[in-house]
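Enquirer: Got a structure for you, written out below as structure tokens; questions coming shortly.
Throughout, read-outs are computed from the coordinates displayed, never taken from laboratory work. The shown structure was predicted, so the numbers you read here are calculated from the model rather than taken from an experiment. Note: ideal-geometry Cβ built from the backbone for every residue, glycine included; neighbour counts use all protein chains shown.
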Amino acid sequence: MGPPGAGKSSTWKSLAKANDLRDMKTTCVDLNPKSITTNELYGYVLMATREWKDGLLSKTMRQLG
């Protein structure tokens, strides 16, 4: 988070390149959290069944792992 031009993108790209130099795979996933609800982003529990429904972040982390 920060203002435009503060170096946010440059920072994560530099860290990804440093990982690559150490033979560590880096996978970047671009998403827009403002386009979905909080429940869709993080996940939620259906109170009727107490069942967990994964959100976008949960699903993405499972796919990357």
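Enquirer: Label-point separation (nm) for THR60 and SER35, each offset 7 Å from Cα along Cα-to-Cβ?
Expert: About 1.1 nm separates the two model spin labels.
Enquirer: With a point put 7 Å past each Cα toward its Cβ, work out how far SER10 is from CYS28 in nm, to one decimal.
Expert: 1.4 nm
Enquirer: For the residue pair ALA18 and VAL45, what label-to-label distance in nm results when each label sits 7 Å from Cα along the Cα-to-beta-carbon direction?
Expert: 3.8 nm
Enquirer: Something else: Collect residues whose amide H, placed 1.01 Å from N in the peptide plane, falls under 5 Å from the amide H of GLY43; neighbours closer than 5 in sequence don't count.
Expert: GLY55, LEU56
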